[in-house]
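The values are calculated or read from the model by the stated rules, or taken from the named source; none is laboratory data. Just so it is clear, the structure is predicted and the values come from calculations on it, not from any experiment. Please note: Cβ atoms are built from the backbone with ideal geometry, for glycine as well, and neighbour counts cover all protein chains shown. When the accessible area is computed, the model is the full protein with side chains, heavy atoms only, and any ligands, DNA or RNA have been set aside. Shrake-Rupley method; radii C 1.70, N 1.55, O 1.52, S 1.80 Å.
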Amino acid sequence: MSSIVIIGGGECGGRAALQLRERNFDGAIMLVGAEALHPYERPPLSKNGILEGADPKFIMDADGYKQRGIDVRLGADAIGIDRSNKTVELSDGTTLAYDKLLLATGARPRPLPGIAERSERVLTLRTHADALAIKRHLHEGRLAIVGGGFIGLELAAIARGLGATVTLIEGLPRILSRGVPEDIAHAVASRHKAAGVEILCASRIETFEIGADGVSIGLAGGRTIGADIAVIGIGSIPNVELAEKAGLAIENGIMVDDHLRTSDPDIFAAGDCCSFPIPVYDGRRVRLESWRSAQEQAMLAAANLMGADERITAVPWFWSDQYELTLQVTGLAEGAVTSVRREVGEGAFIIFQIGADGRLLSASGIGPGNGIARDIRLAEMLIASGKTVDPAALAQADVKLKSLLAA
């Protein structure tokens, strides 16, 4: 009987363990998680989930893992991998033997330079404990958010709904610089400003003082922002230290092939911690921090841990909810030479980005409710097909994307 050890108790690790049983793997499965909680979904933490109960949205309750014969080790850190003897050493002194190993170690928030560590007044949002700590200050408090990415903006929307004063500080000329086209970012910024969020772009932090009752952030130009807490949301760092110590190849994360296999054929990696090639983009290597990517890679990793020969085929997809707006992005815009805007009604629109060879590379949409969801899904299928597209047809709302896909 073989054994599989999974390091990482997040969405990816938890779903991979469950998928192994769904595929009738009858060997031992050991799931090691650093948090004291069973695997849960992280996206709700920066959305409405931060307002709900004391418990996160668990992927499966504790009894479910027990019934499936999955040995879950919580509150344990993996501190070493012995590839020769195929064992993993845990921080509590335990040694686990494996035939196959999956690293789903995730990522951690990138710290603000000059701020050595978190404190009661300087927080990040990655875990359920982080969400609880932030939640205590959202009602009628003063919140400073450093970073104009998705997490910071989602948190800003929730905080304003609770009556908090929110100031968002972004060092780049606009918010969502890496995530979406400028038109989408402008729509998001306009909605936040209408809700009373102060957005300060192209702002450089010169001083950051932490006191017993709050923080004081000094900006270049002389302005000072006072807040009860500051939440830092300036990106993340993949957790590669365990893999690097074991001698595995690292490139913007744990380097894997299109089967999620690392440089050791018996060790796989999946989720936020790994970089991988995407066939639809001619093998470009990327690292994604995405709820759906974590799920898809969990399924793929489970299959290949059991000896399947399945390859990555998915097109990246991401979504964000802010106020009544839903934002969805599919594909990767790098290399685009043409942008096309398509109005889809009720203030919703989609930006299509096309490569030099005429292929659709990405689509980003925003609008109330789920009005853009169908067209983004069809755009995802167009990207996956590799078809060339007519920019004029994409711009016309009366030309159905389904017809372009069928052409």
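Brief remarks on what is shown
- Scanning the stretch 229-251 for residues that are of a type in the set (Gly, Ala, Ser), surrounded by fewer than 22 Cβ atoms within 10 Å (Cβ to Cβ), touching a residue at least 40 places away in the same chain (Cβ under 8 Å) and assigned to a loop (DSSP other than H, G, I, E, B) yields Gly235, Ala246, Gly247.
- Scanning the stretch 112-129 for residues that are over 30 Å from Ala303 (Cα atoms) and in contact with a strand residue (DSSP E or B) (Cβ under 7 Å, 6 or more places away or on another chain) yields Leu112, Gly114, Ile115, Ser119, Arg121, Val122, Leu123, Thr124, Leu125.
- Checking each residue in the stretch 168-197 for being buried (at least 17 other Cβ atoms within 10 Å of the Cβ), in contact with a helix residue (DSSP H, G or I) (Cβ under 7 Å, 6 or more places away or on another chain) and either not hydrophobic (A, V, I, L, M, F, W, C) or not in a helix (DSSP H, G or I) (or both) picks out Leu168, Ile175, Leu176, Gly179, His192, Val197.
- Within the stretch 280-314, if we keep just the residues that are of a type in the set (Ser, Thr, Tyr) and more than 17 Å from the chain's Cα centre (by Cα), the residue that is most open to solvent (accessible area, probe 1.4 Å) turns out to be Thr313.
- Scope the stretch 113-132; condition buried (at least 19 other Cβ atoms within 10 Å of the Cβ), assigned to a loop (DSSP other than H, G, I, E, B) and of a type in the set (A, V, I, L, M); matching residues: Leu125
- Of all the criteria given as (1) more than 28 Å from Ser290 (Cβ to Cβ); (2) in contact with an Asp or Glu (Cβ under 6 Å, 6 or more places away or on another chain), the one not satisfied by Glu206 is (2).
- The set of residues from the stretch 137-162 being closer than 18 Å to Arg178 by Cα and either open to solvent by 10 Å² or more (accessible area, probe 1.4 Å) or not in a helix (DSSP H, G or I) (or both) comprises Ile145, Val146, Gly147, Gly148, Gly149, Phe150, Ile151.
- The sole residue among Pro44, Pro39 that is crowded, with 20+ Cβ neighbours inside 10 Å and either under 26 Å from the mean Cα position of the chain (by Cα) or at pLDDT below 95 (or both) is Pro39.
- Any hit, the stretch 53-64, residues being under 18 Å from the mean Cα position of the chain (by Cα), of a type in the set (Phe, Trp, Tyr) and surrounded by fewer than 24 Cβ atoms within 10 Å (Cβ to Cβ): yes
- Scanning the stretch 79-96 for residues that are open to solvent by less than 60 Å² (accessible area, probe 1.4 Å) and either part of a strand (DSSP E or B) or out of contact with any strand residue (DSSP E or B) (no Cβ under 9 Å at 6 or more places or on another chain) (or both) yields a count of 8.
- Residue in the stretch 315-337 that is least open to solvent (accessible area, probe 1.4 Å), counting only those that are without any contact (Cβ under 8 Å) to a residue 40 or more places away in the chain and within 30 Å of Gly49 (Cα to Cα): Pro316
- Near pairs, Cβ below 8 angstrom, 6+ apart or cross-chain, from the stretch 123-144 (closer than 21 Å to Ile217 by Cβ) to any residue that is open to solvent by less than 30 Å² (accessible area, probe 1.4 Å) and acidic (Asp, Glu): Leu123/Asp130; Thr124/Asp130
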